[in-house]
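**Q** Before I ask anything, let me first share the structure, which is written out below as structure tokens.
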Amino acid sequence: MFRCAPVDLSFVDTAPFRFRNSVDLAITPEQLFDVLGDAEAWPRRASVITTVTPTSPEPRGAGTTRTVHLRGGIVGNEAFLAWEPFTHMAFRFNECSTRAVAAFAEDYRAEAGSAR
């Protein structure tokens with residue numbers, strides 16, 4: 001495994017390559033975080049992910065860790081930068097199986113929408 005830069009939450013606004021997306025979901029933030037907190041659900045929701053293994057005990061919070069296996073043989077050891085149930089989840093790669101990833105982070109924010 002190769003060390004990645006120990007980026008913080010500001011990296012999502014300053015990274016050389018950034019991808020942003022916003023979606024409206026027909027679920028509550030509580031339901032969304034039930035899925036985000038379920039390691040077994042990630043491969044069903046994100047086809048690039050093959051397995052997610054928590055490597056820290058519950059409860060989740062900033063600093064807890066997990067290992068993610070991706071298609072193509074890439075493995076990332078991740079640390080949570082934020083875990084605020086029902087509103088905010090963010091993580092970064094601490095290590096990656098390829099030198100091609102110098103730094104990586106994802107930031108998820110949820111807010112309740114209006115009923116339709």
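Read the figures in this text as sums done on the coordinates, not as results from a lab. Remember, predicted model here, so these are calculated numbers, not experimental data. Counting neighbours? That spans all protein chains shown, and the Cβs are built from the backbone with ideal geometry, glycine included.
**Q** Could you sort 41-51, 9-19 so that the peptide with the highest average Cβ count within 10 Å comes first and the rest follow in order?
**A** Highest-to-lowest ranking by the protection proxy: 41-51, 9-19.
**Q** Further, regarding this structure: In the neighborhood of F91, defined by Cβ-to-Cβ distances under 14 Å, what is the net charge if each Lys or Arg adds +1 and each Asp or Glu adds -1?
**A** Taking every Cβ under 14 Å from that of F91, the sum is -2.
**Q** Which loop-located chymotrypsin sites (Phe, Trp or Tyr not before Pro) does segment 48-116 contain, where loop means any DSSP state but H, G, I, E or B and the Cβ has at most 16 other Cβ atoms within 10 Å?
**A** Working: sites: F80, W83, F86, F91, F93, F104, Y108; in loops: F86, F104.
Sites meeting the loop and neighbour criteria: F86.
**Q** Measure off 7 Å from each Cα along the Cα-to-Cβ vector at A62 and D24, then give the distance between these two points in nanometres to one decimal.
**A** 3.3
**Q** Okay, moving on. Can you tell me the dipole magnitude for segment 19-69 around its Cα centre, using point charges on the Cβ only (Lys, Arg +1; Asp, Glu -1), in Debye to the nearest 20?
**A** 240
**Q** Here is a follow-up. Run the dipole for the chain about the Cα centre, Lys and Arg Cβ at +1, Asp and Glu Cβ at -1, nothing else charged, and hand back the magnitude in debye, nearest 20.
**A** Around 440 debye, computed over the chain.
**Q** I've got another one for you. Note down the net charge around I49, summing +1 for each Lys or Arg and -1 for each Asp or Glu among other residues with Cβ under 14 Å from its Cβ.
**A** So the environment of I49 carries a net charge of 0.
**Q** With n ≥ 4 as the cut-off for DSSP H runs, can you work out [θ] at 222 nm for the chain, using -39500 (n - 2.57) per run divided by the number of residues, rounded to the nearest 500?
**A** Here the helix-only value at 222 nm equals -3000 deg cm²/dmol.
**Q** Separate question: Using 7 Å Cα-to-Cβ label points, what is the A39/A100 separation (nm, one decimal)?
**A** Rounded to a tenth, the inter-label distance reads 2.6 nm.
**Q** Can you give the local net charge around F11? Use residues other than it whose beta-carbon is closer than 12 angstrom to its beta-carbon, Lys and Arg +1, Asp and Glu -1.
**A** Once positives and negatives cancel, what remains is -2.
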